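Report on one structure; see the data block that follows.
The values are calculated or read from the model by the stated rules, or taken from the named source; none is laboratory data. All values reported here derive from a predicted model rather than from experimental measurement. As a convention, Cβ positions derive from the backbone with ideal geometry for all residues, glycine included, and neighbour counts pool all protein chains shown.
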Amino acid sequence: MSSREPQSADAVFMVRPARFGFNAQTAASNAFQQAPQPDCAPADAVAAVAEFDAAVRALQQAGIGVIVAADTALPVKPDAIFPNNWLSFHRDGSIVLYPMLAPNRRAERREELLDQVVREGGFHATRTVDLSGREEEEKYLEGTGSLVLDRGARIAYAALSQRTDLDVLGEFGQRLDYEVVAFDAADEGGLPVYHTNVLMAVGERFAVVCGEAITQPRHRAAVCSKLASTGHEVLEISRQQMRAFAGNCLELEAAGHKRIALSSTAWKTLRGPQREVLERHGEILPLDIPTIERIGGGGVRCMMAEIHLPRRR
């Protein structure tokens with residue numbers, strides 16, 4: 001591909017939930033989800049919408065373009081608030097659609113939402129790379145949850161799990177021209193970390209990594225070596241901080257200035273020297289989403305599909 005893709009997007013795509021709630025179909029592989037008391041479910045759904053709306057406002061006030069789509073009430077899609085798992089947008093005009101583990105998440109892929117992004121944002125899309133057919137083989141790759149992309153260096157970092165299949169990962173790398181750095185990662189209980197983007201994030205000049213979650217020393221060394229060779233200052237976080245979504249952040253750009261979006265939960269868990277690392281690389285944008293994190297098991301980064309498509313002339 002001819003031009004170097006910027007790491008930071010100045011616009012994101014988000015989906016306002018219609019039926020947010022605990023997803024029993026994803027709970028077995030997502031240790032971050034916490035089941036609510038049954039009588040709390042309606043209140044949690046209301047709280048999640050309020051948190052979503054406040055996050056959109058904060059992003060817009062920070063100068064980030066936000067395209068908001070409305071979820072549909074039926075079929076019920078409890079995780080619709082996390083669109084980054086089913087699509088990604090790329091500088092060469094590619095839109096990639098991904099295979100999803102949970103059957104009730106596959107309904108989140110709606111072609112009209114792609115049309116909305118292109119139309120409202122004035123973007124230009126040249127092709128759709130549809131990997132979703134791999135669901136028939138029970139092989140999954142859940143977007144930029146499974147993939148943490150260094151877009152400029154064209155490196156895809158991926159923690160292998162039930163939701164991140166090595167075969168589909170290889171197909172992504174081949175079709176999008178990415179080098180793949182795959183590794184195994186586990187939480188304190190030895191369970192595979194369900195998505196790569198809870199244990200690491202890559203900005204233009206920094207990276208957040210939970211090194212202790214990468215189970216094999218050679219894998220850990222390979223990740224750190226690759227990040228160093230591409231000029232990233234590495235912020236190490238603990239498994240406890242990973243559990244508080246400290247790795248689930250996203251660098252964005254507004255009028256030439258970097259913004260680092262993460263949750264208030266994540267920001268509070270970081271110590272002073274760790275905060276200083278992030279503050280060297282952008283203005284911190286903490287968003288308050290405790291219900292979404294607790295019930296949905298996903299963080300701020302999961303809520304945003306950053307838009308790298310070229311704009312129409």
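Looking across the stretch 258-283, just one residue is assigned to a strand (DSSP E or B) and surrounded by fewer than 16 Cβ atoms within 10 Å (Cβ to Cβ), and that is 283. If you check 142, 120, 112 for being crowded, with 22+ Cβ neighbours inside 10 Å, charged (D, E, K, R), under 25 Å from residue 70 (Cα atoms) and at pLDDT 95 or above, only one passes: 142. Can you find a residue that is hydrophobic (A, V, I, L, M, F, W, C) and under 19 Å from residue 155 (Cβ atoms) anywhere in the stretch 244-265? Yes: one or more hits. Residues of the stretch 245-257 include none that is surrounded by 18 or more Cβ atoms within 10 Å (Cβ to Cβ), in contact (Cβ under 8 Å) with a residue 60 or more places away in the chain and part of a helix (DSSP H, G or I). Within the stretch 217-232, is there a residue that is of a type in the set (D, E, K, R), closer than 19 Å to residue 301 by Cβ and touching a residue at least 24 places away in the same chain (Cβ under 8 Å)? For the stretch 217-232, residues of a type in the set (D, E, K, R), closer than 19 Å to residue 301 by Cβ and touching a residue at least 24 places away in the same chain (Cβ under 8 Å): absent. Picking from residues in the stretch 99-125 that are over 22 Å from residue 74 (Cβ atoms) and touching a residue at least 60 places away in the same chain (Cβ under 8 Å), the one that is nearest to the chain's Cα centre (by Cα) is 99. Every test in (1) out of contact with any Ser or Thr (no Cβ under 6 Å at 6 or more places or on another chain); (2) closer than 25 Å to residue 6 by Cβ is passed by residue 245 save one, and that test is (1).
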